[in-house]
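Beneath this line is the structure, given in structure tokens, with notes to follow.
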Amino acid sequence: MSFLPASWYYPLHLLVVLLFTIYGCFVLSRSSNQQLFNRSYNNLLIVFYVLVFTVIVGLRPIDVKYFGDTGNYAIIYEKFQDGLLNANDIKDGDWLWNKFMYACAQVIPINAFLLIVECLYIIPMLIACRRWSRNNMSLMLLFALAAFSFFSYGTNGIRNGMACSLVVLALTFIDGSKWEKIICAILCFIAITTHKSTALPVLAMVFTAIYRKPKPMFVFWFLSIIISLLAGSAVSNFFESLGFDDRMTSYLDTSDDELMAQFSRTGFRWDFLLYSMAPIVLGWYVIFKKRVWDKKYLLMLGTYIYSNAFWIMVIRSAFSNRFAYLSWFLYPFVLAYPLLRLDIMPNQGRRLCVTIMLAHLAFTLLMYLL
């Protein structure tokens, strides 16, 4: 059951996010720092939209042109239903996902399965935003909705999107009590056995939680650029040999004409690097220029930086955008948290928040129009 023609889903989502952003900028432009950090904004409307989005997109039509891998998962799901394939027949290492998909195929139709996956993609982000910023949850959610990878990983790379959302939620628990740490470990286990490439951000999160020093983060990130420029091909081959992910061999095989046709171009992606820099430049400004220290922010920033550095080292490969998502899924939160939670400058909402919020959405709109 689908509510709209497949071609309408993304443009309508962008239109709604644009309207929310205009309203959000209006509210921020009239807010002092005290109001920004302490006033409870009305979260009901945007939370209602997120829930409606989850249902409508979860019940989307099976259309390869507009929803990419949704069609491929539908084919596998149908084979599970017809008894032509068993969960143990798929040897990609993501055993929990395979068993989950197989179990669902025995009892519910494909659209119900996609709705469940969409809920597991959206709801962890919703909870994480509330745990990070109860007062400004709606504005943090707006950053997530405006991210240019948000819609794609809710409809195309759905397994990766779902797994990364669980890592987002795990980030909110790792610094808590013993029971919260157990919840974090369970979420990470589910994420890795759903899409084992999420082992990268999980390792980055654990390392940052243990060694929460900002200077090494930035040094490592800059070194990754130098390494990529000087020895990019060798690094890609090295990670391929490690078998970090069973799909890595096909992603890094730049000699495959079919793969090359699906990815715009390979080489050192200066455009994507500049995009990735925004949260890092903001982090440098917050930590070193303004000397604002926040444990939660350092944790999410370190997880983002170390994961992004890995992508930079394999940036020349085909499908490197898939590895970029192993850091980009944190992009809106690393941007939003310091703007909405940390006292950086006078009239922060009117100046910094509005500027970055508009630029964040403008990039997404530009990518859609190109």
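The values are calculated or read from the model by the stated rules, or taken from the named source; none is laboratory data. Please read all numbers here as calculations on a predicted model, not as lab measurements. Note: ideal-geometry Cβ built from the backbone for every residue, glycine included; neighbour counts use all protein chains shown.
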Has the stretch 323-330 got any residue that is surrounded by fewer than 24 Cβ atoms within 10 Å (Cβ to Cβ) and more than 24 Å from Pro216 (Cα to Cα)?
-> no
Among residues of the stretch 141-194, those that are farther than 29 Å from Asn42 by Cβ, without any contact (Cβ under 8 Å) to a residue 60 or more places away in the chain and outside any helix (DSSP H, G or I), counted | 1
Which of (1) surrounded by fewer than 21 Cβ atoms within 10 Å (Cβ to Cβ); (2) closer than 21 Å to Asn88 by Cα; (3) not charged (D, E, K, R) is the odd one out, the single condition Ala105 does not satisfy?
-> (1)
Odd one out for Ile76, checked against (1) farther than 26 Å from Tyr49 by Cβ; (2) not in a helix (DSSP H, G or I) = (2)
State all residues of the stretch 66-102 that are surrounded by 15 or more Cβ atoms within 10 Å (Cβ to Cβ), farther than 25 Å from Ile56 by Cα and touching a residue at least 24 places away in the same chain (Cβ under 8 Å); if no residue qualifies, say none.
-> Gly93, Asp94, Trp95, Leu96
Test: Met137 is buried (at least 22 other Cβ atoms within 10 Å of the Cβ) and either touching a strand residue (DSSP E or B) at 6+ places or on another chain (Cβ under 9 Å) or under 27 Å from Leu369 (Cα atoms) (or both) | no
Residues that are modelled with pLDDT of 60 or more and within 23 Å of the chain's Cα centre (by Cα): find the helices (runs of 4 or more DSSP H) completely inside the stretch 203-277 holding 3 or more of those.
-> 214-242
Of those in the stretch 38-65 that are of a type in the set (D, E, K, R) and touching a residue at least 60 places away in the same chain (Cβ under 8 Å), the residue surrounded by the most Cβ atoms within 10 Å (Cβ to Cβ) is Arg60
State all residues of the stretch 20-37 that are surrounded by 11 or more Cβ atoms within 10 Å (Cβ to Cβ) and over 16 Å from Thr355 (Cβ atoms); if no residue qualifies, say none.
-> Phe20, Tyr23, Ser32, Gln35, Phe37
Does Ile122 meet the test of being surrounded by fewer than 20 Cβ atoms within 10 Å (Cβ to Cβ), modelled with pLDDT of 95 or more and of a type outside the set (Ser, Thr, Tyr)?
-> no
Determine whether the stretch 96-112 contains at least one residue that is under 24 Å from Phe20 (Cα atoms), part of a helix (DSSP H, G or I) and either more than 17 Å from the chain's Cα centre (by Cα) or hydrophobic (A, V, I, L, M, F, W, C) (or both).
-> no
